[in-house]
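Worksheet: one structure, shown below.
We did not get these values from a lab; they are worked out from the coordinates using the rules stated. Please read these numbers as outputs of a predicted model, since none were measured by experiment. Methodologically, a virtual Cβ is constructed for each residue, glycine included, from the backbone with ideal geometry; neighbour enumeration extends over all protein chains shown.
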Amino acid sequence: MTKEALTELKVDRPDEAVRRTVKKIWDAIAKPLDGLGQFETIVAQIGAISGTAVIDLSQKAVIVMCSDNGIVEEQVSQCGQEVTAAVATSMVAGNTSVCKMAKHAGADVIAVDIGINRENEIPGLLPYNIAHGSRNFLKEPAMSEAETLRAITAGMEIAAKCRAQGYSILATGEMGIGNTTTSSAMTAALLQCSAEEVTGRGAGLSREKLGHKCEVIQQALDRYRFEPRDALRILSTVGGYDIAGLAGVCIGGALYHIPVVIDGVISAVAALTAERLVPGVKEYIIPSHISKEPAAKRIFEELGVHPVIDAGLALGEGTGAVLMLTLLDTALSVYENQTTFEDIQTEQYVRFE
C-alpha cells in the first residue's frame, strides 16, 4: 500500500433502501415507535452496511492490536513496556478481561502482534509485527510513513480475512502501554486543540504525572506543527502501530461492508484517522461507549456518532465494544422474533413526520 493508493480508495455508501426496510420492520413490531431508541437506528445501519434486512450477527470477532510505544521513555505511564507482552501472552491463554467477556458474548478474540517490543514471537498471536515498538515521538517521529502504511495494510488484510471467514461484525480493541499518550497527541493534532483539553490519566496517573504527560504531548505538538487534515503524517509522527492497524480495520470494514464496533479512545482516534484518510468510513462505524479519557467525547462529536454506553469504562482490550455486541444481540432478539400489531390484534402506531 502506497500513500497514493490509500488516497485513491473509494467507499460505497451503505444501502439506503435496506435501511428504510429495516426501519419499517421495526415500526411494525408491537411496541412504541422508536421504543428501542438508538438500537433501532444501529440495527438499520447494520442492515444497510450488509445489504440485507435479515440481520445475522452470530459470527463476530474482536480484533485486538497489541503494540508498544517509545514515548513511555518519558515516564508518561505507571508501568513499563514489559506489561504489553505479558498481557498479550495472557490474552492468548484466554485469561484477560476481553477474553472472558468475548466468550460470554459468543465472539472470537483475534489478538495481533503488530508492534510488541519483544524479540521472539508470542505463540497464538497473529504475527504482523512491523517493528519492536514505535520510537519516542518527543525525539523523532514514532514511525516512518512506510511502516505506518504497512500497519494500515495489515488491519485491512485482517478485515478482509474475517469477511472471507464469514464474520458479519467486528469489534476493535488494543493493548499497549503508553497508548493513551499517543491517542491524546493524535486527537490534539487532528482537532487542533491543546494537550490539556484531551489528555486523561490513562491507567491511573497522579495529578503530577498527568501534568507531565500533558507537557510531553504539548512539546511534540509545538515541535511538529501539524495540519489537521494531514492524518497520515499525524499518525506516523505521534501515533502507534496499534492505532494504525485499527485504522486499517476500520477502512477494511468499509471496503468489505462489515460493521465495525469501536471501543474506547484508542479505537476512536483510529476511526477518526480512517475517516480522514478515506472519507465515508464513518458510515460503517458503530461506537460502543464513552471512555473516561476526555479525548473520546471530542472525537465522537467530530465523527457525528453517539455511543450508547456511558459507564465510565477505562479497561481497554476491546471490552466496551464486546459489551456493545451483547447489547446488540439483546436488541436483535426483538427484531428477529417479531410480534406484530396484527399478532396482538391492535392498530399499528402511525409515524408522523
With r defined as the distance between the Cβ atoms of ALA28 and HIS104 and R0 fixed at 51 Å, what FRET efficiency is calculated, to the nearest 0.05? 0.95
Span from the region 89-141 Cα centroid across to the region 290-339 one, whole angstrom: 22 Å
I need the Kirkwood Rh of region 41-117: take the reciprocal of the average 1/r across all distinct C-alpha pairs and report it in angstrom. 14.9 Å
Most mobile of VAL18, VAL281, VAL269 in a GNM of the chain (Cα contacts under 10 Å): VAL18
Charge dipole (debye, nearest 20) of region 229-305; +1 at Cβ of Lys and Arg, -1 at Cβ of Asp and Glu: 120 debye
Pick from GLY304, GLY211, GLY94 the residue whose mean-square fluctuation is largest in a GNM of the chain, springs joining Cα atoms under 10 Å. GLY304
Could you tell me the center-to-center distance, by alpha carbons, between region 44-65 and region 1-41 in angstrom? 10 Å
Take the Cα of ILE344, step 7 Å along the line toward its Cβ, and report every residue of region 8-32 whose backbone nitrogen sits under 20 Å from that point. 23-32
Normalised per residue, the volume of the convex hull around the Cα set of region 86-168 (Å³): 117 Å³
Loop-located chymotrypsin sites (Phe, Trp or Tyr not before Pro) in region 246-353, at most 14 other Cβ atoms within 10 Å (DSSP): PHE352
Using the Karplus curve 6.51 cos²θ - 1.76 cosθ + 1.60 with θ = phi - 60°, work out ³J(HN,Hα) for each residue of region 153-158 in order, rounded to whole Hz, and write x for Gly and Pro. 4, 4, x, 5, 5, 5
Residues whose modelled amide H sits under 5 Å from the amide H of ASP230, counting only those 5 or more places away in sequence or on another chain, are none
When the chain is treated as a Gaussian network with springs between alpha carbons less than 10 Å apart, the largest mean-square fluctuation among ALA271, ALA195, ALA171 is found at ALA195
Entries of LYS139/LYS213; LYS31/LYS297; LYS209/LYS292; LYS213/LYS292 with Cα pairs more than 20 Å apart: LYS31/LYS297
Unit-weight point scatterers at every alpha-carbon of region 224-353, Debye formula, q = 0.13 1/Å: log10 I(q)/I(0) is -0.61
For LEU126, what residues show an amide H to amide H distance below 5 Å, using hydrogens built from the backbone and excluding near sequence neighbours? ALA111, VAL112, ASP113
Over the chain, the sum of -39500 (n - 2.57) across DSSP H runs of at least four, divided by residue number and rounded to 500 deg cm²/dmol, gives at 222 nm -15000 deg cm²/dmol
For region 284-337, which trypsin sites (Lys or Arg not before Pro) pass both filters: DSSP loop (anything but H, G, I, E, B) and at most 11 other C-beta atoms within 10 Å? none
Show me, for region 237-249, the HN-Hα J-couplings you get by feeding each phi into the Karplus relation (A = 6.51, B = -1.76, C = 1.60, θ = phi - 60°), rounded to Hz, glycine and proline as x. 7, 10, x, x, 5, 5, 5, 4, x, 5, 4, x, 4
Taking H as built 1.01 Å from N, whose amide H comes closer than 5 Å to the amide H of MET175, not counting residues under 5 places away? MET65, CYS66, SER67
Please turn the phi angles of region 12-26 into ³J(HN,Hα) values with the Karplus equation 6.51 cos²θ - 1.76 cosθ + 1.60 (θ = phi - 60°), one per residue in order, whole Hz, x for glycine and proline. 6, 6, x, 6, 5, 5, 5, 4, 5, 4, 4, 5, 5, 5, 4
Within region 158-240, report the trypsin sites (Lys or Arg not before Pro) that DSSP leaves as loop and that have at most 12 other Cβ atoms within 10 Å. ARG225, ARG229
Suppose every K and R has +1 on its Cβ and every D and E has -1 on its Cβ; what is the size of the dipole of the chain about the Cα centre, in Debye to the nearest 20? 180 debye
For Cα extents along the principal axes in Å, pick the label among [x] 66, 51, 35; [y] 70, 42, 42; [z] 65, 40, 38 that corresponds to the value derived from the coordinates. [y]
